[in-house]
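Asker: Okay, here's the structure, questions in a sec.
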Amino acid sequence: MRPIATTRMAAGIPTGRLAIWWVVASEIVIFGGLLVSYIMHRLAKPEWGDHAANTNVWIGGFNTFVLLTSSLSAVLAHKAAVNGDGPKAAKLLYATCFGACTFVVVKALEWNMEISHGFTISSNTFWSFYYTAAGLHGLHVIAGAIIMLIIAETAKKNLELHRVELIGIYWHFVDIVWIFLFPLLYIAK
Amino acid sequence: MAESIPADAMHAHDDHHHTEQSIWSKYVFSTDHKMIAMQYMFTGMAMALIGGFMAYAFRMQLAFPGIDVPGYGTVTASDYNALVTNHGTIMIFWVAMPVLIAAFGNYLIPLMVGCDDMVFPRLNRLSYQIFLLSAIVLIASFFVPGGGFGGAWTAYPPLSAKSQYSLTALGSSFWLVAVALEFTAFLLGGINFVTTAMNARAPGMKIFDIPIVVWMIVVASILFMSSVGPLIAGAVMLFMDQNVGTAFFDPDKGGDPILWQHLFWFFGHPEVYVVLLPAMGITAEIMCVFARKKMFAYKTFLYTTFATGILSFTVWAHHQFVAGIDPRMANIFTVTTLLISIPIAEMCFIYIATLYGGSIRLTTPMLWALAFVAEFLIGGVTGIFLGASGADIYFHDTYFVLAHFHYTFFPIAIIGTFAGFTYWFPKMFGKMMNDTLGKIHFWGTIIPFNFIFIPLFVLGAAGQHRRIYNYEHFPELAGVEMQDMRVLATVSMLVMLVFQLVFFYNCFISWKKKQKDAGKNPWKANTLEWTTDSPPPHGNWPELPTVYRGPYEYSVPGREEDYFPQNVPD
Ligand code: HEM
Ligand SMILES: [Cu+2]
């Protein structure tokens, strides 16, 4: 039996949505701290531009495209869930997961290539930031994909459809973090 | 989650207190907010004993260098470092936070806003389990090869980053992981505190009908959430520097050790308000009840809190005045630091105005509440000295700083906890505590407290540096007068520790039913937790309450009784 507390809505916003925004806000400050640290370094050290020149903008750009597309299918999944079409929402969530997998595989190949060229996490502080920031982001992609699979399983049976929106909010956040990482790590030379 | 079901429509089927529970599901894996609160409370108190024991060991070493400390043995130099480091870490992260925010927050929020549990009970349980794990990892750090981390609770690199300097390769990482787990536990806990107070309020409870202590815990959780992120990122970076060979804080490869100081203090300063606010809230509740007066300027207090919260993000570099920051920058941080004392002072004035003209009852909780304000004031005022960058160049890293923050943290973590604990004890355990023993314990704590830390102010002003293992090695600090003051501080601490036995004895006999039953509302208070049985049953009320007014309607003219509970219709 669920406590009555879980059914109340005194502030007029569903509890689940409040909670997911809390998660997103705390993640924003975590990535915010990391990125501001990086930006302060970049501003003080023009020579980091030379290190950044060794990153591959095309691969980064491709991954940006993949993530943006996966966000689109997350939006469509939400729309399907609002219309009460659980199976369709589930299918769209699987599509989003497919995007996540593509992203991670491409990322792994990219890192492999960079490491084989001798740019490792301990080469210097630029590469430390490069691998740590992207790695932390990658973990969020993987975690999000796993949660999405679980939600898709229940959504398929038309259960707990409101969760589709919540994972969507989280997924947009993961997407937006990448939108910051891409120019900061790849484009700025 | 059935969000669309109107609040309380499910009353009739409310049967969740009939099920029999096993010991495991009742005490260990419970999702009941009161049980989780007790878990946090007792874990926090156990950690306080551990942290207190550490202080005992290193204070003995300072007063009587080289002796065989009874119950500990000889304190070596690396023991000393590990003890002070972990004493500070424990008292802030494993005592002040779990007790003030998690224990009181869990216990009070559902009861005070009139619902039957937190809105995410299983998340709540998870948060405690992560917290417990973090405590175990921290304690384990003492037993790994190399011993516990000794690089101070602020963990500045390169000392914390490189094991060839700290000599505690594993201890440093364990410490860091423990702290990171603790942060995770409180991020999860915060979700519940904020959403429960926002969404699960009883029908009729408007936002300015929420008791101040609930507000304070909510604001503290928000402050914590918005300041801890950069330090979590910092902890990841430091961990990688320790174990993977990254170069975030290593200048050889382009890193910057000062970056850690910014990340640490950007969190560290708001953190002091994170623990301060709940204690302030507890004090406010107690003062209104025992002055039988409406809280003076409820809304002003609230807005002042918001202002403090915002300002607290702008002062962090006052910890780095001597870390090589630009002196023009130091000026700016001096100004913001002086500014933040204004809202804090204002809150103290609100207490005094609340007391003014009240019919004051000096019960044990009230004594603690009054002592909180009096002692905290000394801490706050000495902060102004330190905030002036010119003066701080002299004071920095002396015992003056140490005495300053003990005059803030001790009132918060110890006095505030005792205030809240003695006030809500009747509700939590259904028994009154013995008031005489309570007062003996009160004076036996407060008087020695001042005798510990006033000498430390004097020593600090005389130039005694912090984090020194044996002052005999520093001729100019080894004089007899200075050593006498160190002994005075240590002996006072022993006296204070002994008086804590009175507290435990009092809890024990009160709980063993030697004391009278508390009844529902022994203090004749207004807030909702006093309208249910003591201790409250699973589900808190047979029928959840409805709210008709604010929490502080005491001595309302024209009413026979001098209190007016929130749930009584007009
Ligand atoms: C909420 C109550 C407060 C708490 C819990 C608190 C806590 C602390 C702590 C723990 C430290 C030392 C950290 C370390 O180096 O290990 C410290 C230092 C300092 N505090 Fe406070 N403080 C409080 C209020 C204030 C106020 C109101 C001010 C100023 C108006 C202030 C100004 C300072 C300054 C400038 C330092 C740095 C001194 C130095 O390291 O040289 N504090 N405080
Ligand atoms: Cu500070």
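The values are calculated or read from the model by the stated rules, or taken from the named source; none is laboratory data. All values derive from a computational prediction rather than experimental measurement. Neighbour counts run over all protein chains shown; Cβ positions are idealised from the backbone, glycine included. To get the accessible areas, we keep the full protein, side chains included, count just its heavy atoms, and leave off ligands, DNA and RNA. Shrake-Rupley method; radii C 1.70, N 1.55, O 1.52, S 1.80 Å.
Asker: Identify, among B:73, B:154, B:120, the residue whose Cα sits farthest towards the positive end of the charge dipole of region B:20-162, taking +1 on the Cβ of Lys and Arg and -1 on the Cβ of Asp and Glu, with the dipole about the Cα centre.
Answerer: B:154
Asker: Could you compute how much accessible area chains A and B hide from each other, both sides summed, with a 1.4 Å probe? Nearest 100 Å² is fine. Intermediate values should be presented prior to the final figure.
Answerer: Values: alone 10400 and 23130 Å², together 29540 Å².
Between A and B, the summed buried area is about 4000 Å².
Asker: Over the heavy atoms of residue B:348, what accessible area does a 1.4 Å probe trace out, to the nearest 10 Å²?
Answerer: The value for residue B:348 is about 10 Å².
Asker: Summing -39500 (n - 2.57) over the DSSP H runs of n ≥ 4 in chain B and dividing by its residue number, what mean residue ellipticity at 222 nm do you reach, to the nearest 500 deg cm²/dmol? Don't skip to the answer; put the middle values down first.
Answerer: Values: 16 runs with 332 residues, N = 570.
Value at 222 nm, helices only: -20000 deg cm²/dmol.
Asker: Testing the spin-label approximation: label points 7 Å from Cα along Cα→Cβ at residue A:69 and residue B:511. State their distance in nm.
Answerer: Modelled inter-label distance: 6.2 nm.
Asker: Mind checking B:87-98 for the average number of partner chain beta-carbons within 10 Å of each residue's beta-carbon?
Answerer: On the way: counts 0, 0, 0, 0, 0, 0, 0, 0, 0, 0, 0, 0.
Neighbouring Cβ atoms belonging to other protein chains average 0 per residue here.
Asker: Still on this structure, please answer the following. Roughly speaking, what is the centre-to-centre gap between region B:255-282 and region B:20-93 when only Cα atoms are used, to the nearest Å?
Answerer: Computed from Cα coordinates, the inter-centre distance equals 22 Å.
Asker: Also, I was wondering about something else. Amide H neighbours of residue B:431 under 5 Å, counting only residues 5+ apart in sequence or on other chains, H built in-plane at 1.01 Å?
Answerer: Amide H neighbours of residue B:431, under 5 Å, 5+ apart: B:518.
Asker: As I understand it, the value is the acute angle between the Cα axis of helix B:298-311 and the longest principal axis of the Cα atoms of chain B; what does it come to in degrees, rounded to 10?
Answerer: Tilt of helix B:298-311: around 30 degrees.
Asker: Taking each residue of A:14-20 in turn, how many C-beta atoms of other protein chains fall within 10 Å of its C-beta, and what is the average?
Answerer: On the way: counts 5, 11, 5, 2, 7, 9, 1.
Average neighbour count from other chains, rounded to a whole number: 6.
Asker: Going by a ≥ b ≥ c, the root eigenvalues of the Cα gyration tensor, does chain A fall in the rounded group (a/c under 1.5), the prolate group (a/b larger than b/c) or the oblate group?
Answerer: Working: a/c = 2.93, a/b = 1.85, b/c = 1.58.
It is prolate, given that a/c is not under 1.5 and a/b is the larger ratio.
Asker: Something else: For the pairs B:34/B:431; B:34/B:299; B:26/B:439; B:439/B:524; B:294/B:512; B:439/B:513, flag any whose C-alpha to C-alpha distance is greater than 26 Å.
Answerer: B:34/B:299; B:26/B:439; B:294/B:512
Asker: Could you size up the charge dipole of chain B around its Cα centre, putting +1 on the beta carbon of Lys and Arg and -1 on that of Asp and Glu, and report it in debye to the nearest 20?
Answerer: 780 debye
Asker: By accessible area of protein heavy atoms, probe 1.4 Å, what ranking do B:122, B:201, B:292 get, highest first?
Answerer: B:122, B:201, B:292
Asker: Contour minus end-to-end for residue A:43 and residue A:25, with contour as 0.36 nm per residue of separation and end-to-end as the Cα-Cα distance? All intermediate terms of the calculation are to be shown ahead of the outcome.
Answerer: Working: separation 18, 0.36 × 18 = 6.48 nm, distance 2.59 nm.
That works out to 3.9 nm of additional length.
Asker: Before I look further, what does the protein assembly as shown give for accessible area per residue, probe 1.4 Å, in whole square angstrom?
Answerer: On the way: 29540 Å² over 759 residues.
Value returned for the protein assembly as shown: 39 Å² of accessible area per residue.
Asker: Shifting gears a bit: What does the extension gain come out to for residue B:143 and residue B:164, with contour length at 0.36 nm per residue minus their alpha carbon separation?
Answerer: 5.7 nm
Asker: Sticking with this structure for a sec: Quick one: what are the phi-derived ³J(HN,Hα) couplings along region B:123-128, Karplus 6.51/-1.76/1.60 with θ = phi - 60°, whole Hz, x for glycine and proline?
Answerer: 4, 4, 5, 4, 4, 5
Asker: Now for a separate question. Taking θ = phi - 60°, what integer Hz values does the Karplus form 6.51 cos²θ - 1.76 cosθ + 1.60 yield along region B:139-155, in sequence order, with x for Gly and Pro?
Answerer: Using θ = phi - 60°, the values come out as 5, 4, 4, 6, 9, 7, x, x, x, x, 5, x, x, 6, 5, 7, 6 Hz.
Asker: I would also like to ask the following. Report the paramagnetic label zone for residue A:105: residues of region A:136-152 whose backbone N is under 17 Å from a point 7 Å from Cα along the Cα-to-Cβ axis.
Answerer: Under 17 Å, as judged by backbone N against the label point of residue A:105, lie A:142, A:145-146 of region A:136-152.
Asker: Could you report the accessible area of residue B:513 in Å², rounded to 10, computed with a 1.4 Å probe on the protein chains as they sit in the structure?
Answerer: That residue has around 150 Å² of solvent-accessible surface.
Asker: So what's the gap between the Cα centers of region B:283-314 and region B:512-558, to the nearest angstrom?
Answerer: 22 Å
Asker: Which one of B:413, B:554, B:82 is farthest out on the positive end of the charge dipole of the protein assembly as shown, using unit charges on Cβ (Lys, Arg +1; Asp, Glu -1) and the Cα centre as origin?
Answerer: Of the listed residues, the answer is B:554.
Asker: If you don't mind, there's one more thing I want to ask. Quick one: grab Rg to one decimal and Dmax as a whole number for region B:443-536, Cα atoms only, in Å.
Answerer: For region B:443-536, the Cα radius of gyration and maximum Cα-Cα distance read 21.7, 63 Å.
Asker: With a ≥ b ≥ c taken as the square roots of the eigenvalues of the C-alpha gyration tensor of region B:111-180, please select rounded if a/c is under 1.5 and otherwise prolate if a/b is larger than b/c or oblate if it is not?
Answerer: Values: a/c = 4.34, a/b = 2.85, b/c = 1.52.
Prolate, since a/c reaches 1.5 and a/b exceeds b/c.
Asker: If you place +1 on the Cβ of every Lys and Arg, -1 on the Cβ of every Asp and Glu, and leave all else neutral, what size is the dipole of the protein assembly as shown about its Cα centre, to the nearest 20 Debye?
Answerer: Magnitude of the dipole: close to 980 debye.
Asker: What is the distance, in nm, between label points placed 7 Å from the Cα along the Cα-to-Cβ direction at residue A:13 and at residue B:480?
Answerer: Computed distance between label sites residue A:13 and residue B:480 equals 6.7 nm.
Asker: Which listed residue (B:33, B:482, B:287) has the Cα farthest towards the positive end of the charge dipole for chain B, taking +1 on Lys and Arg C-beta and -1 on Asp and Glu C-beta about the Cα centre?
Answerer: Positive-end residue among those listed: B:287.
Asker: Compute the relative contact order of region B:30-531 as a whole-number percentage, counting only Cα pairs closer than 8 Å that sit 6 or more residues apart in sequence.
Answerer: Relative CO of region B:30-531 lands at 15 percent.
Asker: How high is the relative contact order of region B:407-513, in percent, with contacts defined as C-alpha pairs under 8 Å that are six or more residues apart?
Answerer: On the way: 64 pairs, mean separation 44.7, N = 107.
Relative contact order of region B:407-513: 42 percent.
Asker: Working from Cα positions, state the angle (0 to 90°, nearest 10) between the long axis of helix B:212-243 and the longest principal axis of chain B.
Answerer: Compared with the principal axis, the helix lies near 30 degrees.
Asker: While we're on this one: Hey, can you rank A:44-56, B:265-277 by average C-beta count inside 10 Å, highest first?
Answerer: Sorting A:44-56, B:265-277 by mean packing, highest first, produces B:265-277, A:44-56.
Asker: Quick check: at a probe of 1.4 Å, how many percent of the accessible area of chain B sits on carbon and sulfur atoms?
Answerer: Numbers: 14730 of 21230 Å².
Whole-percent figure for carbon plus sulfur exposure: 69.
Asker: Using modelled backbone amide H atoms (1.01 Å from N, in-plane), which distant-in-sequence or interchain residues come within less than 5 Å of residue B:554's amide H?
Answerer: Counting only residues 5 or more places away or on other chains, the set is B:294.
Asker: Between the DSSP loop rule and a limit of at most 11 other Cβ atoms within 10 Å, which trypsin sites (Lys or Arg not before Pro) in region B:520-570 are left?
Answerer: On the way: sites: B:520, B:524, B:549, B:559; in loops: B:520, B:524, B:549, B:559.
Sparse-neighbourhood loop trypsin sites (Lys or Arg not before Pro): B:559.
Asker: Next question. Which aspartates and glutamates have a Cα less than 14 Å from the Cα of residue B:253, not counting those fewer than 8 places away in the same chain?
Answerer: Answer for residue B:253, where 14 Å is the Cα cut-off: A:47, B:241, listed by chain and number.
Asker: Once the Cα gyration tensor of the protein assembly as shown is diagonalised, what are the square roots of 5 times its eigenvalues, in whole Å and ordered largest first, as equivalent ellipsoid semi-axes?
Answerer: Whole-Å semi-axes of the equivalent ellipsoid: 42, 38, 22.
Asker: Count the lysine pairs in region A:11-187 that are 8 or more places apart or on different chains: how many have C-alpha atoms under 24 angstrom apart?
Answerer: Taking the Cα cut-off of 24 Å, the pair count is 8.
Asker: Taking only the alpha-carbon positions of region B:30-531 and ignoring solvent, what does the Debye formula give for the base-10 log of I(q)/I(0) at q = 0.06, 0.08, 0.13 Å⁻¹?
Answerer: So the normalised log intensities are -0.26, -0.48, -1.37.
Asker: Also: Quick one: what Rg and Dmax do you get for region A:92-188 from the alpha carbons, in Å?
Answerer: 15.8, 51
Asker: Using the alpha carbons of region B:265-325, what is the convex hull volume per residue in cubic angstrom, as a whole number?
Answerer: Values: hull volume 4.9 nm³, N = 61.
Looking at region B:265-325, the number lands at 81 Å³ per residue.
Asker: Once phi is turned into θ = phi - 60°, what whole-Hz ³J(HN,Hα) does the Karplus curve with 6.51, -1.76 and 1.60 give for every residue of region B:555-570, x standing for Gly and Pro?
Answerer: Each residue's phi maps through the Karplus curve to give 6, 5, x, x, 10, 5, 7, 8, 9, 9, x, 5, 9, 8, x, 4 Hz.
Asker: Inside 10 Å of the C-beta atoms of B:146-158, what's the mean count of C-beta atoms belonging to other chains?
Answerer: Average per residue, whole number: 0.
Asker: Right, next: On full extension of the chain, what length is gained from residue B:53 through residue B:29, given 0.36 nm per residue of separation minus the C-alpha to C-alpha distance? Don't jump to the answer; show the numbers that get you there.
Answerer: Details: separation 24, 0.36 × 24 = 8.64 nm, distance 2.96 nm.
Working it through step by step, the gained length comes to 5.7 nm.
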